[in-house]
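K.L.:
My structure is below; once you've seen it, I'll send some questions.
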Amino acid sequence: MIRNNWTKEEIHEVYQLPLLELVYRAATVHRKFNNTAEVQVCTLLSVKTGGCSEDCAYCPQAARYHTGVQVHGLLPTGEVLEYAQKAKDAGSTRFCMGAAWREVRDNRDFDRILDMVKGVNAMGMEVCCTLGMLTESQAGKLADAGLYAYNHNLDTSPEYYGEIISTRTYDDRLNTLERVRKAGISVCCGGIVGLGETHEDRINMLYTLCTLPQHPGSVPINALVRIKGTPLENNPKVDIWDMVRMIATARILMPKTMVRLSAGRTEMSVPEQAFCFMAGANSIFAGDKLLTTANPGFEEDNAMFALLGLTPMEAFKQEVETGNSKIKAEEVFK
Ligand code: SAM
Ligand code: DTB
Ligand code: SF4
């Protein structure tokens, strides 16, 4: 059963189960609702990097921290589409374009983003963007251009949010998510483990996600990538078992959601990642770069998939199965 009336007490009970019992239960839910052999492979590209006005304490792209990130304006459309084609050729079925913006502005850069969305969509990939806050009209324009998903993370609990970001509020984030959902775009929304939050904060973030009007289509679980120059540079490395616990709980609460083992994989061994897949993760970012930091390359991941008996998921599978898509099955399989 897919539920969005979970209580905090129920979530707490799941989250605090003995680890192996939790993983067993999550793996059972995963087998019931999904093909566990399949993992969605997404590629990210930072189309506009650095110089961001926000103060997100984890982020290498915030202008106020000195992180050495190479700042650049919006990339030319041709360059982006070339990169998308390479990602497709390497086996990715979702392409996500990120911009270091607080919010989208109605200007020529946005028109160019719409062209990029059209171009990637025409390649038959699921196209995703993460561009900061959106108005209702901007969400509509992105949907019309063929945007499949929009990534906008809550990052942490409502209670802890103010410790991490002061230049916008949790409600700002929720409002954008609502606009995305209303425009008929799949919501991609998750968070980060390792910001200095408590277990209660993690539970409260999961509570917010699984009690949204509809579960997000995907929930990225990022391990903090510690960036020199940011306020969180000296945080302790995220414990793998904290990642496993978070992924397993997300899987139980949101059985059909794509749970993405996101940032932090370069610091995880293959056995550690295998535990995350066992606990219900069924999506990764592939390619040797996330937005600005390193990620395992395609070859390394292909070897891991071969070893673990995993195969890349085809595009638009989730929507075809759930039948609530603008995209018809015939179009997908032709
Ligand atoms: N500027 C837009 C925004 O904030 O929504 C889009 C890009 S922003 C970089 C996308 C997400 O990347 C953030 O919400 C955060 O969850 C994740 N992220 C950024 N830096 C990270 C880090 N050092 N470690 C883990 N995740 C990070
Ligand atoms: C998400 O949850 N993680 C991705 C994607 N959505 C945009 C970004 C991770 C960024 C890690 C730090 C960097 O490479 O800049
Ligand atoms: Fe800017 Fe997004 Fe980084 Fe925050 S997370 S500083 S909004 S790029």
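K.L.:
Does region 166-180 contain at least one residue that is aliphatic (A, V, I, L, M), surrounded by fewer than 19 Cβ atoms within 10 Å (Cβ to Cβ) and assigned to a helix (DSSP H, G or I)?
P.N.:
yes
K.L.:
Now for a different question. Give the number of residues within region 172-192 that are at negative phi and in contact (Cβ under 8 Å) with a residue 60 or more places away in the chain.
P.N.:
Residues in region 172-192 being at negative phi and in contact (Cβ under 8 Å) with a residue 60 or more places away in the chain: 4 in total.
K.L.:
Scan region 232-240 and tell me whether some residue there is of a type in the set (A, V, I, L, M), within 13 Å of Val193 (Cα to Cα), in contact with a strand residue (DSSP E or B) (Cβ under 9 Å, 6 or more places away or on another chain) and modelled with pLDDT of 95 or more.
P.N.:
So far as region 232-240 goes, yes, one or more of its residues are of a type in the set (A, V, I, L, M), within 13 Å of Val193 (Cα to Cα), in contact with a strand residue (DSSP E or B) (Cβ under 9 Å, 6 or more places away or on another chain) and modelled with pLDDT of 95 or more.
K.L.:
Only one of Ala274, Ala281 is open to solvent by less than 50 Å² (accessible area, probe 1.4 Å), assigned to a helix (DSSP H, G or I), closer than 24 Å to Leu206 by Cβ and at pLDDT 95 or above; which?
P.N.:
From the options Ala274, Ala281, the qualifying one is Ala274.
K.L.:
Given (1) open to solvent by 20 Å² or more (accessible area, probe 1.4 Å); (2) out of contact with any Asp or Glu (no Cβ under 6 Å at 6 or more places or on another chain); (3) within 16 Å of ligand 2 (Cβ to nearest atom), identify the lone condition not met by Ala183.
P.N.:
Going through (1) open to solvent by 20 Å² or more (accessible area, probe 1.4 Å); (2) out of contact with any Asp or Glu (no Cβ under 6 Å at 6 or more places or on another chain); (3) within 16 Å of ligand 2 (Cβ to nearest atom) one by one, Ala183 breaks only (3).
K.L.:
Could you please let me know if Ala90 is touching a residue at least 60 places away in the same chain (Cβ under 8 Å) and within 14 Å of ligand 3 (Cβ to nearest atom)?
P.N.:
Considered against the rule, which asks whether it is touching a residue at least 60 places away in the same chain (Cβ under 8 Å) and within 14 Å of ligand 3 (Cβ to nearest atom), Ala90 comes out as no.
Residues are listed down the side, and each one gets a yes or a no for (1) open to solvent by 30 Å² or more (accessible area, probe 1.4 Å); (2) of a type in the set (Val, Ile, Thr); (3) assigned to a helix (DSSP H, G or I); (4) away from ligand 2 (no atom under 16 Å from the Cβ):
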| site | (1), (2), (3), (4) |
| --- | --- |
| Val14 | no, yes, yes, yes |
| Ala27 | no, no, yes, yes |
| Lys32 | yes, no, yes, yes |
| Tyr58 | yes, no, no, no |
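K.L.:
Taking region 109-145, which residues are surrounded by fewer than 18 Cβ atoms within 10 Å (Cβ to Cβ) and part of a loop (DSSP other than H, G, I, E, B)?
P.N.:
Met123, Gly124, Thr135
K.L.:
Provide a single number: the residues in region 86-108 that are part of a helix (DSSP H, G or I) and buried (at least 21 other Cβ atoms within 10 Å of the Cβ).
P.N.:
1
K.L.:
I've got another one for you. Check whether at least one residue in region 217-230 is among the hydroxyl-bearing types (Ser, Thr, Tyr), at pLDDT 95 or above and away from ligand 2 (no atom under 16 Å from the Cβ), and report yes or no.
P.N.:
No, region 217-230 has no match at all.
K.L.:
Now for a separate question. Return yes when Asn204 is open to solvent by 10 Å² or more (accessible area, probe 1.4 Å) and touching an Asp or Glu at 6+ places or on another chain (Cβ under 8 Å) and no when it is not.
P.N.:
It is true that Asn204 is open to solvent by 10 Å² or more (accessible area, probe 1.4 Å) and touching an Asp or Glu at 6+ places or on another chain (Cβ under 8 Å).
K.L.:
May I ask you to say which residue of Leu209, Leu195 is in a helix (DSSP H, G or I), open to solvent by less than 40 Å² (accessible area, probe 1.4 Å) and either among the polar types (S, T, N, Q) or in contact (Cβ under 8 Å) with a residue 12 or more places away in the chain (or both)?
P.N.:
Checking each option against the conditions leaves just Leu209.
The values are calculated or read from the model by the stated rules, or taken from the named source; none is laboratory data. Everything numeric here is computed off the predicted structure, so don't read it as measured data. Note that each Cβ is placed from the backbone with ideal geometry, even for glycine, and that neighbours are counted across all protein chains shown. Note: accessible area is taken over every heavy atom of the protein model, side chains too, but ligands, DNA and RNA are not part of it. Shrake-Rupley method; radii C 1.70, N 1.55, O 1.52, S 1.80 Å.
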